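Data first, discussion second: the structure below is written as structure tokens.
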Amino acid sequence: MNRYYLKGIIEEILYIWGDPIDIDDLSKIIFDAEKSEIRNALDEIMAERNEKSSGLLIKKYENKYQFTTRAEHEKYISNIVKKSDKKLSNSSLETLSIIAYKQPITRAEIDKIRGVKSQSTIDNLLDKKLIKENGRLDKIGKPIIYATTDLFLKYFNISTLDDLPKIDQEVLGEFDENQ
């Protein structure tokens, strides 16, 4: 398949799809191209759009790709797009940060760290799709374990969990000892 043709197809799919999409789904849609060809084409498109200061960029969230606008253009875009109330409460931010750094984690573990019940905050974060149920532990009661989602990465404009700010290991050690 012609490289330019493939890049055009990828851009069209990303535009129409809207949500982040991974290579596996792209390769099912573009069935006559190899995953490596698709990945290389995506890398080329991303580099070209960055180099040309294009208004639409392709952002990678873990292993998924999505069209996004440039952050520095927000002052113009905000005039035409109604913003939703994206602010998170302090308890939501606290719970979300615990989940992000300690995942997978149960509600009981979150409650122990916070010192208060967290069920309503967890429900709120699930509704906002910033966290997800990530299975159950194989112990009495089969507690649900929670983890962050791709939307969490998008919300905080990071590509992977490795981009989270580093926590001082001494502080983290003290934190673990208190549990």
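Below, the figures for the structure above:
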quantity: Placed amide H near Asp22: partners under 5 Å, 5+ positions off or other chain; calculated: Tyr65
quantity: The stretch 13-58 versus the stretch 104-139: alpha-carbon centroid distance in Å; calculated: 34
quantity: For Leu56, residues with placed amide H under 5 Å, excluding near neighbours; calculated: none
quantity: Three-way shape call for the chain based on the alpha-carbon gyration tensor, with the a/c threshold at 1.5; calculated: prolate
quantity: Carbon and sulfur %, accessible surface of the stretch 3-78 computed with the full protein complex present, 1.4 Å; calculated: 50
quantity: Test item: Cα-centred dipole of the chain, Lys/Arg +1 and Asp/Glu -1 on Cβ, debye; calculated: 660
quantity: Simple label model, 7 Å out from Cα along Cβ direction - Lys75 to Lys142, nm; calculated: 5.5
quantity: Where the chain is the region considered: accessible area per residue in Å², 1.4 Å probe; calculated: 67
quantity: In Hz, Karplus ³J(HN,Hα) per residue of the stretch 88-101 (6.51, -1.76, 1.60; θ = phi - 60°; x = Gly, Pro); calculated: 9, 5, 4, 5, 5, 4, 4, 5, 4, 5, 4, 5, 4, 7
quantity: The stretch 90-174: mean projected area of Cα convex hull, nm²; calculated: 6.1
quantity: In nm, spacing of pseudo-spin labels at Thr68 and Lys52 (7 Å Cα→C-beta vector); calculated: 2.0
quantity: For the chain, calculated [θ]222 nm from helices alone, where every DSSP H run of n ≥ 4 adds -39500 (n - 2.57); calculated: -14500 deg cm²/dmol
quantity: Å³ per residue enclosed by the Cα convex hull of the stretch 3-78; calculated: 91
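The values are calculated or read from the model by the stated rules, or taken from the named source; none is laboratory data. Computed from a prediction, not measured in an experiment: that's the story for all the values here. Virtual Cβ from ideal backbone geometry, glycine too; neighbours counted across all protein chains shown. For accessibility, only protein heavy atoms count, side chains too; no ligands or nucleic acids. Shrake-Rupley method; radii C 1.70, N 1.55, O 1.52, S 1.80 Å.
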